[in-house]
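Asks: This is the structure, below, for whatever I ask next.
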Amino acid sequence: MCVKAAAGRTLLQETVVAGADGSLANVLVQLIGEFPDVPVPREPVTIDQSACVYNPRVVAIQLGQPLRVKNSDPGLHNVHGESTGTDRFNVGQPMADMVNTFQLRNEGLLRLRCDVHLWMVAYVGVVKHPYFAVTNAAGTFTIGGVPPGTHTIQAWHERYGRLMSSVSVDPGGTANVEFTYSGSEQPSDPWR
């Protein structure tokens, strides 16, 4: 099924997606701390199982926002969620176009795996506020509407782990923050 679904493309494990300039995609970036409550988006964030790969590989949602996982392949996948909190599930999706929606209850990281196709993995950052982003192919991100002040900001990558920094945002202003992984990071548990 996977060979047919991939239509001749080689399936790649996209653990590290780096550009020639050192840019790094799929890094979850979020502010750390307490912020005033804001409405939670009702629109689900969707991860698709297509050609035996989870796409996108890394997403982030606001706590309370639905997570939707779809099977676009013509055969069995399962959605096995393992959390740094208490959100855990394991649901089979034996046919194309099956969709399951999950309401996560804890902030933290959720790892999705397919127990049928062991290379399939995705990560969901669950954040209790809206001040987060995932880096794109150019290694950049934008977090909008950040309250003025000095904030702790964290970057997380599945292979390289966490980096922390500080950022100061002026009222109505913008700020730049840059994270640099050396490539030699060895987190004790790469998904936490």
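Asks: Taking the chain as a Gaussian network, where each spring joins two C-alpha atoms under 10 Å apart, which residue of 150, 101, 46 fluctuates the most?
Replies: Of the options given, 150 has the highest mean-square fluctuation.
Asks: Also, I was wondering about something else. Give the accessible area for residue 165 in Å² (nearest 10); use a 1.4 Å probe, count only protein heavy atoms, and leave out ligands, DNA and RNA.
Replies: It works out to around 40 Å².
Asks: What residue among 175, 155, 18 has the largest mean-square fluctuation in a Gaussian network model of the chain, using Cα springs under 10 Å?
Replies: 175
Asks: What is the dipole size for segment 1-80, taken about its Cα centre, with +1 at each Lys and Arg Cβ and -1 at each Asp and Glu Cβ, in debye to the nearest 20?
Replies: That gives segment 1-80 a dipole magnitude of about 360 debye.
Asks: With unit charges on the beta carbon (Lys/Arg positive, Asp/Glu negative), name the residue among 22, 96, 132 whose Cα is farthest towards the positive pole of the charge dipole of the chain.
Replies: After comparing all options, I get 96.
Asks: Shifting gears a bit: Over the chain, with every protein chain in place, what whole percent of the accessible area is carbon and sulfur at 1.4 Å, could you tell me?
Replies: 51 percent
Asks: Moving on to the next point. So how far, in whole Å, is the C-alpha centre of segment 3-53 from the one of segment 138-185?
Replies: Their Cα centres are 17 Å away from one another.
Asks: Here is a follow-up. Once you compute Rg and the Kirkwood Rh from C-alpha atoms, what is the Rg to Rh ratio for segment 143-192?
Replies: Expressed as Rg/Rh, it is 1.08.
Asks: Do any cysteines of the chain lack a neighbour Cys whose Cβ is under 4.7 Å away, and which are they?
Replies: When partners are defined as cysteine Cβ atoms under 4.7 Å apart, the chain leaves 114 without one.
Asks: Also, quick follow-up: For the chain, what D do you get in µm² per second when you plug the Kirkwood radius from alpha-carbon pairs into Stokes-Einstein at 4 °C and 1.567 mPa s?
Replies: 73 µm²/s
Asks: Taking the solvent-accessible surface of protein heavy atoms with a 1.4 Å probe, what is the per residue accessible area of the chain in Å²? Show your work: numbers first, answer last.
Replies: Details: 10110 Å² over 192 residues.
Roughly 53 Å² per residue, with all protein chains present.
Asks: If you build the Cα gyration tensor of segment 99-192 and take the root of 5 times each eigenvalue, what three semi-axes come out, in whole angstrom, biggest first?
Replies: So the three semi-axes of segment 99-192 are 27, 18, 12 Å.
Asks: While we're looking at this one, here's another question. Please check: in the Gaussian network model of the chain (C-alpha springs, under 10 Å), which one of 124, 99, 58 has the largest mean-square fluctuation.
Replies: Comparing 124, 99, 58 in the GNM, the peak value goes to 99.
The values are calculated or read from the model by the stated rules, or taken from the named source; none is laboratory data. Keep in mind the model is a prediction, meaning the values are calculated, not measured. Positions of Cβ are backbone-derived with ideal geometry, glycine not excepted, and every protein chain shown enters the neighbour counts. What goes into the accessible areas is simple: the full protein's heavy atoms, side chains included, and nothing from ligands, DNA or RNA. Shrake-Rupley method; radii C 1.70, N 1.55, O 1.52, S 1.80 Å.
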